[in-house]
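These notes concern the structure reproduced below.
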Amino acid sequence: MFWLHLLPAPPSPAAPGRAAAPHPQQDLHREALHLAWTGHAAQALDHLRPLGPTSTGQHEDDLHLLRAALHLTLGHAGRATDDLLHLEPLLTRPEQCAAQCLLLAHAHLHQGHTAAAAAALARAERHVTRLPGTPWRAAATCLRAHLLDRTGETDLALRHLHAGLRRASGDVARHLTHHTLAELHPDPFEQRRHAVHARHHARGHSCPPTLTLPPTARPAQDTPVSRHVHLQVLGQPAIHVGGTVIDCAHAPRLPLLLSYVLAHAGESVERAACDLLPSTGGRGVRHHDAFHQAARIRRDVSRVRALLGDPDVIRCRQGVLTLHPAYTWSSDLLDAARTGAPPAHVPRELRCEWTDQFRECTGAGELSAP
């Protein structure tokens, strides 16, 4: 994976005859970036040696990001991690925050720290949503695929990449996605096919050198990969995927939707909207008719796919909702129904017709849970 094209570039020199007040770091940035693009990463890093750890400012922050990318290019993941952690509280621009989180996730993954890489990547994906129409989404998609591949879920990584390729726009995003598919695909024919596509899109844009992750031993094919997902609806909403906890405080209805589909597999989108959404619009909801309620459920389905990094984790085919059979699921809300303890502490914002059934019943017989 490469980052040099995604990092903020120095401003172009002012046109002749115009007054210009160049920043003293702009020339340094331009020279180091030129050396890096021409394949002289070590020389580019030497140019950045005078940059001290206490140097702050917009131009200095860009140089720190460039230095971290060069450390990764040369295999110095530990040094890159130190630079990026020091830089984290200083950044404010969305592009810089996305670059810092993605580079940090790459550095952690380079060192084999998959849990730390997953946490950094989750932060990066939140920043990427604020940068529409840029290659940042493709970079996050490819890094997510590398993370899945490292944990032995190559088929899930490939599905994620193919979904990212369908929405990729621009030569840079397509080049990066095809290149990652050529790296991770187990079929030699598909590797060559995606490599050809990657070279084609590289010709359409001046793509910098590729930054790849070192190969590591993958789990044996007969080793089962844990795909257990636990849905936490009661208390603080969250989704537990293996050993990773995804906080859903910003979208508490997502684990509720998955719990509903787990209990009512094959239910229609319209029925789910009727059961899960209030009959009257809440604050900020302009339309609450059946059509717009169903659209809200479809939007939540898309958000679940993006949050869990799998475009097939929840399926909506011909208006019918199902969960992917490769996962095993559990929900604290459904567990409470099985034990016959009505969950009186359902968060207020999640109260709906379906959760009211739990509050009214004294046992689990009123709701069919798997």
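Determine whether residue 179 is within 18 Å of residue 311 (Cβ to Cβ), open to solvent by less than 70 Å² (accessible area, probe 1.4 Å) and modelled with pLDDT of 85 or more. Don't jump to the end; show me each part of the working.
Details: within 18 Å of residue 311 (Cβ to Cβ): no; open to solvent by less than 70 Å² (accessible area, probe 1.4 Å): yes; modelled with pLDDT of 85 or more: yes.
When the stated conditions are applied, residue 179 does not pass them.
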Selection status of residue 144, within 16 Å of the chain's Cα centre (by Cα), at pLDDT 85 or above and either open to solvent by less than 50 Å² (accessible area, probe 1.4 Å) or of a type in the set (A, V, I, L, M, F, W, C) (or both): yes
Can you spot a residue in the range 122-140 that is open to solvent by 10 Å² or more (accessible area, probe 1.4 Å), under 17 Å from the mean Cα position of the chain (by Cα) and on the phi > 0 side of the Ramachandran plot? yes
Looking at (1) surrounded by 15 or more Cβ atoms within 10 Å (Cβ to Cβ); (2) at pLDDT 70 or above; (3) in a loop (DSSP other than H, G, I, E, B); (4) not small (Gly, Ala, Ser), which is the one condition that is false for residue 31? (3)
Restricting attention to the range 157-176, the residues that are open to solvent by less than 60 Å² (accessible area, probe 1.4 Å), more than 13 Å from residue 140 (Cβ to Cβ) and assigned to a loop (DSSP other than H, G, I, E, B) number exactly 1
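Of 275, 300, 335, 312, which residue is in a helix (DSSP H, G or I), open to solvent by 20 Å² or more (accessible area, probe 1.4 Å) and modelled with pLDDT of 80 or more? Outline the logic, then answer.
Details: 275 fails: open to solvent by 20 Å² or more (accessible area, probe 1.4 Å); 300 fails: open to solvent by 20 Å² or more (accessible area, probe 1.4 Å); 312 fails: in a helix (DSSP H, G or I).
Going through 275, 300, 335, 312 in turn, the sole match is 335.
The values are calculated or read from the model by the stated rules, or taken from the named source; none is laboratory data. Fair warning: this is a prediction, and the values are worked out from it, not measured in the lab. Every residue, glycine among them, receives a Cβ derived from its backbone with ideal geometry; neighbour counts consider all protein chains shown. These accessible areas exclude ligands, DNA and RNA; they are computed on the full protein's heavy atoms, side chains included. Shrake-Rupley method; radii C 1.70, N 1.55, O 1.52, S 1.80 Å.
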